[in-house]
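Visitor: Sending over a structure as C-alpha coordinates; questions will come in a sec.
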Amino acid sequence: MQIFCTIKEVKSFVDEKKQLGNVIGFVPTMGALHQGHISLIETSRKQTDITICSIFVNPTQFNNADDLKHYPRTPDNDIQMLQDAKCDILYMPDVNDIYPNNETQQFDFGKIGNVLEGEHRPGHFNGVGQVVSILLKGIQPHKAFFGSKDYQQVMIVKELVKQQNLSVDIISCPILREPDGLAMSSRNKRLTVEERKVASLIPIIMKKAADLAREKGVTYAKLYVDEQIHQQPLMKLDYYEICDAESLDLLQDIYNKRAISLIAVFVGAIRLIDNLEI
(Lines give C-alpha, C1' and ligand atoms only; values in the text may rest on other atoms or scores of the structure.)
Protein backbone atom coordinates (compact mmCIF):
# COMPACT_ATOMS: atom_id res chain seq x y z
CA MET A 1 0.00 0.00 0.00
CA GLN A 2 1.28 3.42 -0.95
CA ILE A 3 0.59 6.41 1.28
CA PHE A 4 0.12 9.87 -0.24
CA CYS A 5 -0.30 13.15 1.61
CA THR A 6 -1.34 15.43 -1.24
CA ILE A 7 -4.26 15.35 -3.65
CA LYS A 8 -1.79 16.07 -6.45
CA GLU A 9 0.01 12.77 -5.81
CA VAL A 10 -3.26 10.85 -5.73
CA LYS A 11 -4.52 12.47 -8.93
CA SER A 12 -1.26 11.66 -10.74
CA PHE A 13 -1.54 8.03 -9.65
CA VAL A 14 -5.21 7.82 -10.66
CA ASP A 15 -4.58 9.38 -14.10
CA GLU A 16 -1.87 6.81 -14.78
CA LYS A 17 -4.07 3.89 -13.74
CA LYS A 18 -7.06 5.17 -15.74
CA GLN A 19 -4.91 5.29 -18.87
CA LEU A 20 -4.31 1.58 -18.35
CA GLY A 21 -8.06 0.98 -18.20
CA ASN A 22 -8.32 0.44 -14.44
CA VAL A 23 -11.56 1.15 -12.57
CA ILE A 24 -10.94 3.30 -9.49
CA GLY A 25 -12.81 2.82 -6.20
CA PHE A 26 -12.74 5.31 -3.35
CA VAL A 27 -13.61 4.97 0.35
CA PRO A 28 -13.57 8.29 2.26
CA THR A 29 -13.20 7.97 6.05
CA MET A 30 -12.30 9.99 9.12
CA GLY A 31 -10.10 7.21 10.46
CA ALA A 32 -10.45 5.32 13.75
CA LEU A 33 -11.22 2.45 11.41
CA HIS A 34 -13.33 -0.56 12.34
CA GLN A 35 -14.62 -3.58 10.49
CA GLY A 36 -17.43 -1.52 8.97
CA HIS A 37 -14.86 0.59 7.13
CA ILE A 38 -12.95 -2.52 6.09
CA SER A 39 -16.14 -3.98 4.62
CA LEU A 40 -16.26 -0.92 2.34
CA ILE A 41 -12.67 -1.57 1.29
CA GLU A 42 -13.54 -5.21 0.58
CA THR A 43 -16.60 -4.21 -1.48
CA SER A 44 -14.52 -1.75 -3.47
CA ARG A 45 -11.87 -4.38 -4.15
CA LYS A 46 -14.55 -6.71 -5.54
CA GLN A 47 -16.05 -4.05 -7.80
CA THR A 48 -12.97 -2.11 -8.92
CA ASP A 49 -9.33 -2.59 -9.89
CA ILE A 50 -7.74 0.00 -7.60
CA THR A 51 -9.02 0.97 -4.13
CA ILE A 52 -8.14 4.30 -2.54
CA CYS A 53 -9.00 5.12 1.07
CA SER A 54 -8.75 8.61 2.55
CA ILE A 55 -8.39 9.45 6.23
CA PHE A 56 -9.21 13.04 7.11
CA VAL A 57 -11.02 14.34 10.17
CA ASN A 58 -12.90 17.13 8.46
CA PRO A 59 -13.27 20.13 10.79
CA THR A 60 -16.00 21.83 8.76
CA GLN A 61 -18.58 19.11 9.43
CA PHE A 62 -18.32 19.33 13.23
CA ASN A 63 -20.76 21.73 14.81
CA ASN A 64 -19.39 20.83 18.24
CA ALA A 65 -15.78 21.83 18.91
CA ASP A 66 -15.50 19.33 21.76
CA ASP A 67 -16.59 16.49 19.46
CA LEU A 68 -13.89 17.46 16.95
CA LYS A 69 -11.26 17.70 19.70
CA HIS A 70 -12.05 14.26 21.09
CA TYR A 71 -12.81 12.44 17.86
CA PRO A 72 -10.73 9.22 18.05
CA ARG A 73 -7.53 9.19 16.03
CA THR A 74 -5.66 5.88 15.59
CA PRO A 75 -3.41 6.33 12.53
CA ASP A 76 -0.99 3.44 13.19
CA ASN A 77 -3.80 0.96 13.70
CA ASP A 78 -5.66 2.37 10.67
CA ILE A 79 -2.64 1.87 8.42
CA GLN A 80 -2.20 -1.72 9.60
CA MET A 81 -5.89 -2.51 9.03
CA LEU A 82 -5.77 -1.09 5.50
CA GLN A 83 -2.60 -3.01 4.69
CA ASP A 84 -4.22 -6.21 5.93
CA ALA A 85 -7.30 -5.46 3.79
CA LYS A 86 -5.04 -4.99 0.73
CA CYS A 87 -6.04 -1.40 0.12
CA ASP A 88 -3.93 0.04 -2.71
CA ILE A 89 -3.61 3.70 -1.76
CA LEU A 90 -4.07 5.62 1.50
CA TYR A 91 -4.52 9.36 1.17
CA MET A 92 -3.74 11.11 4.50
CA PRO A 93 -3.85 14.87 3.92
CA ASP A 94 -3.55 17.67 6.42
CA VAL A 95 -6.11 20.45 6.50
CA ASN A 96 -4.00 22.71 4.25
CA ASP A 97 -4.09 20.20 1.41
CA ILE A 98 -7.88 19.95 1.56
CA TYR A 99 -8.53 23.66 2.21
CA PRO A 100 -5.39 25.44 0.88
CA ASN A 101 -7.03 28.85 0.72
CA ASN A 102 -9.58 28.37 3.49
CA GLU A 103 -12.21 28.50 0.77
CA THR A 104 -15.69 27.32 1.65
CA GLN A 105 -18.63 26.38 -0.53
CA GLN A 106 -22.27 26.80 0.37
CA PHE A 107 -24.73 24.11 -0.63
CA ASP A 108 -28.49 23.86 -0.74
CA PHE A 109 -29.53 20.24 -0.47
CA GLY A 110 -33.20 21.13 -0.16
CA LYS A 111 -35.52 19.35 2.23
CA ILE A 112 -33.25 16.34 2.83
CA GLY A 113 -30.60 18.69 4.20
CA ASN A 114 -32.89 20.42 6.67
CA VAL A 115 -34.43 17.53 8.61
CA LEU A 116 -33.07 15.04 11.16
CA GLU A 117 -29.27 15.50 11.21
CA GLY A 118 -29.63 18.72 9.23
CA GLU A 119 -31.96 20.16 11.85
CA HIS A 120 -30.08 18.88 14.90
CA ARG A 121 -26.55 19.58 13.63
CA PRO A 122 -26.69 22.94 11.81
CA GLY A 123 -23.95 23.30 9.21
CA HIS A 124 -22.98 19.63 9.38
CA PHE A 125 -24.10 18.69 5.89
CA ASN A 126 -22.57 21.81 4.37
CA GLY A 127 -19.24 20.64 5.81
CA VAL A 128 -19.83 17.16 4.41
CA GLY A 129 -20.60 18.71 1.03
CA GLN A 130 -17.39 20.76 1.14
CA VAL A 131 -15.04 17.88 1.81
CA VAL A 132 -16.78 15.28 -0.38
CA SER A 133 -16.88 17.71 -3.29
CA ILE A 134 -13.15 18.38 -2.96
CA LEU A 135 -12.28 14.69 -2.65
CA LEU A 136 -14.43 13.51 -5.54
CA LYS A 137 -13.29 16.29 -7.86
CA GLY A 138 -9.65 15.79 -6.88
CA ILE A 139 -9.49 12.00 -7.04
CA GLN A 140 -12.13 11.45 -9.75
CA PRO A 141 -12.92 7.81 -8.90
CA HIS A 142 -15.38 5.74 -10.90
CA LYS A 143 -17.13 4.53 -7.73
CA ALA A 144 -17.26 5.80 -4.13
CA PHE A 145 -18.43 3.61 -1.26
CA PHE A 146 -20.31 4.83 1.82
CA GLY A 147 -21.78 3.02 4.81
CA SER A 148 -25.56 3.14 5.11
CA LYS A 149 -25.41 3.78 8.87
CA ASP A 150 -25.15 7.39 7.73
CA TYR A 151 -28.31 6.97 5.67
CA GLN A 152 -29.13 10.66 5.33
CA GLN A 153 -25.51 11.50 4.50
CA VAL A 154 -25.56 9.03 1.59
CA MET A 155 -28.66 10.83 0.27
CA ILE A 156 -26.82 14.15 0.64
CA VAL A 157 -23.78 12.83 -1.25
CA LYS A 158 -25.98 11.54 -4.08
CA GLU A 159 -27.65 14.96 -4.30
CA LEU A 160 -24.21 16.64 -4.32
CA VAL A 161 -23.08 14.43 -7.21
CA LYS A 162 -26.26 15.27 -9.08
CA GLN A 163 -25.93 19.03 -8.49
CA GLN A 164 -22.27 19.12 -9.52
CA ASN A 165 -22.72 16.67 -12.39
CA LEU A 166 -19.88 14.45 -11.20
CA SER A 167 -19.12 11.20 -13.04
CA VAL A 168 -19.04 8.86 -10.07
CA ASP A 169 -21.34 6.10 -8.85
CA ILE A 170 -22.20 6.38 -5.17
CA ILE A 171 -22.52 2.90 -3.66
CA SER A 172 -24.36 2.52 -0.36
CA CYS A 173 -23.16 -0.51 1.63
CA PRO A 174 -24.95 -2.37 4.44
CA ILE A 175 -24.52 -1.48 8.11
CA LEU A 176 -22.09 -3.74 9.93
CA ARG A 177 -23.02 -4.49 13.53
CA GLU A 178 -21.30 -5.75 16.65
CA PRO A 179 -22.37 -9.20 17.94
CA ASP A 180 -24.91 -7.51 20.25
CA GLY A 181 -26.40 -5.55 17.35
CA LEU A 182 -24.89 -2.10 17.95
CA ALA A 183 -23.98 -0.41 14.68
CA MET A 184 -20.22 -0.18 14.26
CA SER A 185 -19.00 3.38 14.72
CA SER A 186 -15.70 5.09 15.46
CA ARG A 187 -17.47 6.88 18.31
CA ASN A 188 -18.13 3.56 20.05
CA LYS A 189 -14.48 3.67 21.13
CA ARG A 190 -15.28 6.66 23.37
CA LEU A 191 -17.94 4.81 25.37
CA THR A 192 -17.17 3.58 28.88
CA VAL A 193 -17.82 -0.09 29.66
CA GLU A 194 -21.16 0.81 31.28
CA GLU A 195 -22.15 3.15 28.44
CA ARG A 196 -21.24 0.51 25.87
CA LYS A 197 -23.57 -1.96 27.58
CA VAL A 198 -26.41 0.57 27.57
CA ALA A 199 -25.75 1.48 23.91
CA SER A 200 -26.56 -2.11 22.92
CA LEU A 201 -30.19 -1.34 23.74
CA ILE A 202 -30.48 0.98 20.71
CA PRO A 203 -30.98 -1.71 18.04
CA ILE A 204 -33.23 -3.71 20.37
CA ILE A 205 -35.49 -0.69 20.96
CA MET A 206 -35.51 0.13 17.24
CA LYS A 207 -36.51 -3.38 16.22
CA LYS A 208 -39.37 -3.47 18.74
CA ALA A 209 -40.48 0.00 17.62
CA ALA A 210 -40.52 -1.13 13.99
CA ASP A 211 -42.80 -4.02 14.94
CA LEU A 212 -45.06 -1.61 16.84
CA ALA A 213 -45.17 0.77 13.88
CA ARG A 214 -46.48 -2.06 11.72
CA GLU A 215 -48.95 -3.33 14.32
CA LYS A 216 -50.19 -0.18 16.08
CA GLY A 217 -48.93 2.78 14.07
CA VAL A 218 -46.15 5.36 13.95
CA THR A 219 -47.34 7.43 16.92
CA TYR A 220 -47.35 4.39 19.19
CA ALA A 221 -43.86 3.40 18.03
CA LYS A 222 -42.47 6.88 18.73
CA LEU A 223 -44.00 6.93 22.20
CA TYR A 224 -42.44 3.55 22.91
CA VAL A 225 -38.94 4.73 21.90
CA ASP A 226 -39.27 7.90 23.98
CA GLU A 227 -40.35 5.92 27.04
CA GLN A 228 -37.63 3.29 26.68
CA ILE A 229 -34.83 5.83 26.27
CA HIS A 230 -36.20 7.95 29.13
CA GLN A 231 -35.93 4.93 31.45
CA GLN A 232 -32.15 4.79 30.94
CA PRO A 233 -30.27 7.40 33.01
CA LEU A 234 -27.25 7.27 30.70
CA MET A 235 -29.30 7.84 27.54
CA LYS A 236 -30.93 10.92 26.08
CA LEU A 237 -32.99 10.88 22.89
CA ASP A 238 -32.10 13.50 20.31
CA TYR A 239 -34.67 12.29 17.79
CA TYR A 240 -36.49 9.22 16.55
CA GLU A 241 -38.48 9.51 13.33
CA ILE A 242 -40.10 7.23 10.81
CA CYS A 243 -39.67 8.62 7.32
CA ASP A 244 -40.29 7.90 3.68
CA ALA A 245 -37.11 6.11 2.62
CA GLU A 246 -36.86 8.09 -0.63
CA SER A 247 -37.72 11.64 0.48
CA LEU A 248 -37.25 11.61 4.29
CA ASP A 249 -40.75 13.04 4.63
CA LEU A 250 -42.02 12.28 8.13
CA LEU A 251 -44.69 9.60 8.00
CA GLN A 252 -47.87 9.31 10.03
CA ASP A 253 -48.46 5.77 8.77
CA ILE A 254 -46.37 3.23 6.88
CA TYR A 255 -48.99 1.39 4.86
CA ASN A 256 -47.95 0.82 1.23
CA LYS A 257 -44.81 2.92 1.78
CA ARG A 258 -41.11 2.13 1.91
CA ALA A 259 -40.30 3.47 5.36
CA ILE A 260 -37.15 3.85 7.41
CA SER A 261 -36.72 4.66 11.08
CA LEU A 262 -33.80 6.89 12.08
CA ILE A 263 -32.51 7.63 15.56
CA ALA A 264 -29.91 9.80 17.28
CA VAL A 265 -29.19 9.07 20.94
CA PHE A 266 -26.73 10.46 23.44
CA VAL A 267 -25.14 7.73 25.54
CA GLY A 268 -23.31 9.72 28.17
CA ALA A 269 -21.67 12.47 26.13
CA ILE A 270 -21.39 10.36 22.96
CA ARG A 271 -23.95 10.81 20.22
CA LEU A 272 -24.78 7.68 18.24
CA ILE A 273 -27.00 7.28 15.18
CA ASP A 274 -28.66 4.27 13.62
CA ASN A 275 -31.42 3.38 11.19
CA LEU A 276 -33.66 0.46 10.36
CA GLU A 277 -35.86 -0.10 7.36
CA ILE A 278 -39.45 -0.94 8.23
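The values are calculated or read from the model by the stated rules, or taken from the named source; none is laboratory data. Remember, predicted model here, so these are calculated numbers, not experimental data. Every residue, glycine as well, gets a Cβ built from its backbone with ideal geometry; the counts of neighbours run over all protein chains shown.
Visitor: Tell me whether segment 209-231 contains one or more residues that are hydroxyl-bearing (Ser, Thr, Tyr) and under 24 Å from Gly36 (Cβ atoms).
Guide: No - not one qualifying residue is present in segment 209-231.
Visitor: Which residues, counting only those in segment 125-146, are under 23 Å from Lys46 (Cα atoms), touching a Ser or Thr at 6+ places or on another chain (Cβ under 7 Å) and not aliphatic (A, V, I, L, M)?
Guide: His142, Lys143, Phe145, Phe146
Visitor: Looking at segment 230-252, can you tell me whether even one residue there is outside the structural domain of Thr74 (by TED's automatic domain parsing) and in a helix (DSSP H, G or I)?
Guide: yes
Visitor: In segment 151-178, how many are farther than 21 Å from Gln106 by Cα and of a type in the set (Asp, Glu)?
Guide: The qualifying residues number 2.
Visitor: I want to confirm something. Restricting to segment 160-179 and keeping residues that are within 14 Å of Gln35 (Cβ to Cβ) and either hydroxyl-bearing (Ser, Thr, Tyr) or in contact (Cβ under 8 Å) with a residue 12 or more places away in the chain (or both), which single residue is surrounded by the fewest Cβ atoms within 10 Å (Cβ to Cβ)?
Guide: If we take residues in segment 160-179 being within 14 Å of Gln35 (Cβ to Cβ) and either hydroxyl-bearing (Ser, Thr, Tyr) or in contact (Cβ under 8 Å) with a residue 12 or more places away in the chain (or both), then Pro174 is surrounded by the fewest Cβ atoms within 10 Å (Cβ to Cβ).
To keep it simple, each residue is scored yes or no on (1) part of a loop (DSSP other than H, G, I, E, B); (2) more than 26 Å from Phe62 (Cα to Cα).
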residue: Met155; (1), (2): no, no
residue: Glu159; (1), (2): no, no
residue: Ile170; (1), (2): no, no
residue: Asp180; (1), (2): yes, yes
residue: Ile204; (1), (2): no, yes
residue: Lys222; (1), (2): no, yes
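Visitor: In addition: For segment 269-277, state whether one or more residues are touching a strand residue (DSSP E or B) at 6+ places or on another chain (Cβ under 8 Å), free of Cβ contacts under 8 Å to residues at least 40 places away in the same chain, closer than 25 Å to Ala32 by Cβ and crowded, with 17+ Cβ neighbours inside 10 Å.
Guide: Taking every residue of segment 269-277 in turn, none turns out to be touching a strand residue (DSSP E or B) at 6+ places or on another chain (Cβ under 8 Å), free of Cβ contacts under 8 Å to residues at least 40 places away in the same chain, closer than 25 Å to Ala32 by Cβ and crowded, with 17+ Cβ neighbours inside 10 Å.
Visitor: Return a yes/no flag: does segment 201-223 have any residue that is surrounded by fewer than 20 Cβ atoms within 10 Å (Cβ to Cβ), out of contact with any strand residue (DSSP E or B) (no Cβ under 9 Å at 6 or more places or on another chain), under 29 Å from Met30 (Cβ atoms) and of a type outside the set (Phe, Trp, Tyr).
Guide: yes
Visitor: While we're on this one: Check segment 86-98 and report whether any residue there is over 28 Å from Ser12 (Cα atoms) and either outside the structural domain of Ile260 (by TED's automatic domain parsing) or not polar (S, T, N, Q) (or both).
Guide: Within segment 86-98, not a single residue is over 28 Å from Ser12 (Cα atoms) and either outside the structural domain of Ile260 (by TED's automatic domain parsing) or not polar (S, T, N, Q) (or both).
Visitor: Still on this structure, please answer the following. Check whether at least one residue in segment 169-179 is touching a strand residue (DSSP E or B) at 6+ places or on another chain (Cβ under 9 Å) and of a type in the set (Gly, Ala, Ser), and report yes or no.
Guide: yes
Visitor: While we're looking at this one, here's another question. Return the residues of segment 119-133 that are polar (S, T, N, Q) and without any contact (Cβ under 8 Å) to a residue 60 or more places away in the chain; say none if nothing qualifies.
Guide: Ser133
Visitor: Go through segment 105-143 and count every residue that is out of contact with any strand residue (DSSP E or B) (no Cβ under 9 Å at 6 or more places or on another chain) and among the β-branched types (Val, Ile, Thr).
Guide: Number satisfying all stated conditions: 3.
Visitor: Give the residue that is farthest from the chain's Cα centre (by Cα), with candidates limited to residues of segment 184-202 that are under 11 Å from Gly268 (Cβ atoms) and not in a helix (DSSP H, G or I).
Guide: That would be Thr192.
Visitor: Being crowded, with 21+ Cβ neighbours inside 10 Å and in contact (Cβ under 8 Å) with a residue 24 or more places away in the chain: is that true of Cys53 here?
Guide: Numbers: crowded, with 21+ Cβ neighbours inside 10 Å: yes; in contact (Cβ under 8 Å) with a residue 24 or more places away in the chain: yes.
Yes: the conditions hold for Cys53.
Visitor: Look at segment 59-103 and say how many of its residues are surrounded by fewer than 20 Cβ atoms within 10 Å (Cβ to Cβ), part of a loop (DSSP other than H, G, I, E, B) and not charged (D, E, K, R).
Guide: The total comes to 11.
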